[in-house]
Structure formats: C-alpha cells, structure tokens
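The values are calculated or read from the model by the stated rules, or taken from the named source; none is laboratory data. Remember, predicted model here, so these are calculated numbers, not experimental data. Virtual Cβ from ideal backbone geometry, glycine too; neighbours counted across all protein chains shown.
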Amino acid sequence: MRNILIKFIRLDKTTLLIGSFLIIFGSTFTIMWIEPETFTSFHDSLWWVMTTISTVGYGDISPQTTAGRNFAMLLYLVGIGVLGVVISLIANAMGIFKKRKEEGKLSYHGKDHIVIVGWSKKAALAIDEILLADKETEIVLIDEVEKEPLNMKRVHYINGSPMKKDVLDKANLENSKSAIVFATDCSDSSRLVDGNSLLVAAALEKNAPHVHTTVEVLDRDHVPMFKHSKVDEVVLSDEFVSRMLVRSSFQKGVSGLFNQLISRESGYDLRQIERKEEWKTYRDVVEDVTSQGGNVIAVGENMDIYKHLDEPLPEGAHIRVVCDKQTYDALC
C-alpha cells in the first residue's frame with residue numbers, strides 16, 4: 001500500500017489530470033451500461049457522477065439495482081479523491097499562470113498594441129494617457145524588473161532585455177502598431193543613457209522595421225545617430241521641458257495650452273485625419289474642418305498652410321487638427 005501511495009504522489013500533473021477525467025467519463029459510461037433503463041442519456045449519467053463525487057447528491061436520479069448501488073459505493077470512495085485532485089490541479093495551474101504573468105514570462109498574442117520599452121515615471125504617465133485616449137488599445141511593457149510594476153487590465157508585462165529577439169517576439173513587436181523607447185534612469189550620463197536607447201532602437205528597427213518607433217533622447221548631439229538607425233521620431237525630453245519653461249515665462253498660460261494639446265483630459269486633442277478625395281486644395285481642408293468645429297494646425301509637419309490655401313493638397317497628406325471626439329468622428 002505504501003509503495004502504491006508513493007507511486008501516486010510521484011505521478012506528474014498531466015497524468016493525474018488525464019486519469020481523473022478517465023475515471024469521471026469511465027464511470028459515466030459504466031453506469032449507463034449497468035442501468036440503461038435509469039440512465040438513458042450521457043448527460044444524465046454525467047450529471048449523476050458529478051453530483052455523487054462532489055457529495056452534493058441531489059437525488060433526482062439514482063441507481064435502482066444492486067449492481068448500480070454497489071458501483072455507486074465504489075464511486076463514493078474513489079470519486080471524492082478524484083474531484084479533489086482536479087480542483088487542486090486547476091487551482092495550482094491558476095497560481096502558476098498568475099506567477100508567470102507577474103514575472104513577465106507570458107507571451108503576448110494580441111495585435112495593434114503599443115510596445116513601451118523602459119519602466120519609469122514617464123512611462124507610467126504615458127500608459128495612463130494611452131489608456132485614457134483609447135478604450136481598446138492594449139500596451140505591452142518591456143523591462144527587466146523582477147515583478148510587473150503596473151497591474152492594470154490592458155497592460156501586459158514582458159520581462160527581459162529589449163535587445164534580445166526572443167523578448168521582442170514575446171511582446172509580439174511584429175504585430176504592434178507603434179513602439180516607444182523611454183530613456184532609462186540608470187545613469188547620470190546622457191551619453192550612456194542615449195547609448196542604451198540607441199541599442200534598443202536598433203534592435204526594434206532590425207526586428208520590425210515597419211513599426212513606427214519613437215525614442216526619448218537626452219542630448220541633441222546624439223539625434224543624427226538615431227536618424228541613421230532609421231528611427232521614425234525622436235523626442236528631446238530635457239530640451240522640450242526647457243523650452244516650455246522659457247515660453248511660459250514670456251507668455252503666461254502657454255504651458256496650459258500645450259498641455260491641452262497633448263492630453264485628452266480637456267476633450268480637445270491634436271488628432272490626425274487622412275486626406276479626403278473631395279479635398280483638392282489646402283483651402284478645401286480648412287473650410288471643411290472649420291465648418292465642423294475643428295481647427296487645422298498642419299498638413300504633415302508643415303504648419304504654414306495658410307500661405308498655400310489655393311495650392312493643391314499633396315496625395316496621402318496627413319492633416320493635423322485640434323477638435324473633440326465628436327468632430328473627429330464626423331471628419332473621418
């Protein structure tokens with residue numbers, strides 16, 4: 001008996017789970033064979049087996065013959081242990097799943113998500129802004145901290161170096177719509193920080209060159225190297241803040257205006273719409289957007305649109321407008 005118990009304990013989880021289901025379904029067919037008059041369907045038989053091994057015992061259906069009742073007593077002895085095994089295995093699997101998720105070891109299989117590389121306060125603010133801006137877009141955060149730094153519904157954590165292909169594959173970078181690389185807080189040297197960001201950006205471009213990549217850079221002198229790596233956009237964080245402070249000192253309230261443009265909280269936001277067939281000139285765009293309550297800010301990166309009102313609108317032009325969600329939906 002002792003040897004039997006030792007062998008049972010040493011069985012792997014898959015074997016135990018398969019064995020448990022075999023006992024459950026085997027008992028279902030056995031009772032149908034013993035008492036075909038009482039247990040006329042597979043569903044009725046399975047219902048009786050499950051209520052028996054769970055000790056619920058509704059009594060709405062039960063064996064009527066001696067052979068059936070003898071089998072029921074055998075099922076009492078074996079069934080409770082079987083159900084306990086199944087429940088413990090399921091609970092254990094859920095615990096393992098949760099642990100692997102918290103440790104960032106689970107792969108992400110969704111599409112059209114945003115990949116964020118590097119955990120920091122700025123990354124946390126960016127995640128909040130994305131979740132506020134779009135109710136459907138999901139985020140995959142890549143970092144090397146031991147446990148997921150943010151436990152939110154649409155945020156998935158991948159642990160590992162973003163320079164490794166297997167980590168980027170876990171984040172499903174190939175099927176993402178954009179990637180953001182934040183400067184790390186690991187060093188006081190902008191050269192070291194930007195050097196790390198450059199390596200990460202190069203890895204992203206190598207593995208998914210079609211994904212739009214934006215990188216935070218600390219030193220302007222390093223920008224050409226990022227452009228050489230074919231990074232789509234570079235944001236000079238320290239320089240942006242410095243310029244904002246200077247503008248605010250000369251023009252009171254300008255910081256609030258910029259905050260409204262880059263945040264969704266006010267309802268009005270800087271949005272992008274695609275060129276419509278009926279828009280032949282810059283004037284057509286301005287008049288149509290304005291009539292619906294929006295303001296045209298730029299076409300592509302060109303902001304001097306009012307100097308070219310009667311000129312043809314370029315094919316495939318991206319129009320930048322400031323408007324609320326209702327106006328944006330109407331324009332699209």
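Things to note:
- Answer residue from region 94-119, given it is small (Gly, Ala, Ser) and surrounded by 16 or more Cβ atoms within 10 Å (Cβ to Cβ) and is nearest to Ala171 (Cα to Cα) among those: Gly104
- Test: residue in region 173-182 that is touching a strand residue (DSSP E or B) at 6+ places or on another chain (Cβ under 7 Å), modelled with pLDDT of 85 or more, assigned to a helix (DSSP H, G or I) and closer than 23 Å to His212 by Cβ: yes
- Test for Leu131: is it assigned by TED's automatic domain parsing to the domain that holds Asn207 and either surrounded by fewer than 21 Cβ atoms within 10 Å (Cβ to Cβ) or within 10 Å of the chain's Cα centre (by Cα) (or both): yes
- Failed condition for Leu236, given (1) under 22 Å from Ile130 (Cα atoms); (2) hydrophobic (A, V, I, L, M, F, W, C); (3) at pLDDT 85 or above: (3)
This table checks each residue for (1) within 30 Å of Val155 (Cβ to Cβ); (2) β-branched (Val, Ile, Thr).
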position: Ser20; (1), (2): no, no
position: Ile23; (1), (2): no, yes
position: Trp48; (1), (2): no, no
position: Tyr58; (1), (2): no, no
position: Arg69; (1), (2): no, no
position: Ala72; (1), (2): no, no
position: Leu75; (1), (2): no, no
position: Gly79; (1), (2): no, no
position: Gly104; (1), (2): yes, no
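- Taken over region 185-200, the criterion of being in contact with a helix residue (DSSP H, G or I) (Cβ under 6 Å, 6 or more places away or on another chain) and crowded, with 20+ Cβ neighbours inside 10 Å is satisfied by Asp194 alone.
- Selection within region 69-79 - surrounded by fewer than 17 Cβ atoms within 10 Å (Cβ to Cβ) and either in contact (Cβ under 8 Å) with a residue 12 or more places away in the chain or not polar (S, T, N, Q) (or both): Arg69, Met73, Leu74, Tyr76, Leu77, Val78
- Within region 262-279, being surrounded by 14 or more Cβ atoms within 10 Å (Cβ to Cβ) and either modelled with pLDDT under 85 or part of a loop (DSSP other than H, G, I, E, B) (or both) holds for Ser263, Arg264, Tyr268, Asp269, Leu270, Arg271, Arg275, Lys276, Trp279.
- Consider region 38-51 and keep the residues that are in contact (Cβ under 8 Å) with a residue 12 or more places away in the chain and surrounded by fewer than 20 Cβ atoms within 10 Å (Cβ to Cβ). The one that is farthest from the chain's Cα centre (by Cα) is Thr38.
- Of the strands (runs of 3 or more DSSP E) lying entirely inside region 71-163, not one carries at least 2 residues that are over 30 Å from Leu22 (Cβ atoms) and hydroxyl-bearing (Ser, Thr, Tyr).
- If you check Tyr58, Tyr108 for being of a type outside the set (Gly, Ala, Ser), free of Cβ contacts under 8 Å to residues at least 40 places away in the same chain and touching a helix residue (DSSP H, G or I) at 6+ places or on another chain (Cβ under 7 Å), only one passes: Tyr58.
- Matching residues, region 298-332, being within 13 Å of Val286 (Cα to Cα), surrounded by 12 or more Cβ atoms within 10 Å (Cβ to Cβ) and among the basic types (Lys, Arg): Arg320
- Single residue of region 203-234 satisfying the filter (assigned to a helix (DSSP H, G or I) and out of contact with any helix residue (DSSP H, G or I) (no Cβ under 8 Å at 6 or more places or on another chain)) that is farthest from Ile114 (Cα to Cα): Asp221
- Among residues of region 128-149 that are free of Cβ contacts under 8 Å to residues at least 24 places away in the same chain, those with a Cβ under 7 angstrom from a residue that is of a type outside the set (A, V, I, L, M) and crowded, with 18+ Cβ neighbours inside 10 Å, sequence gap 6+ or separate chain, pair up as Glu144/Asn159.
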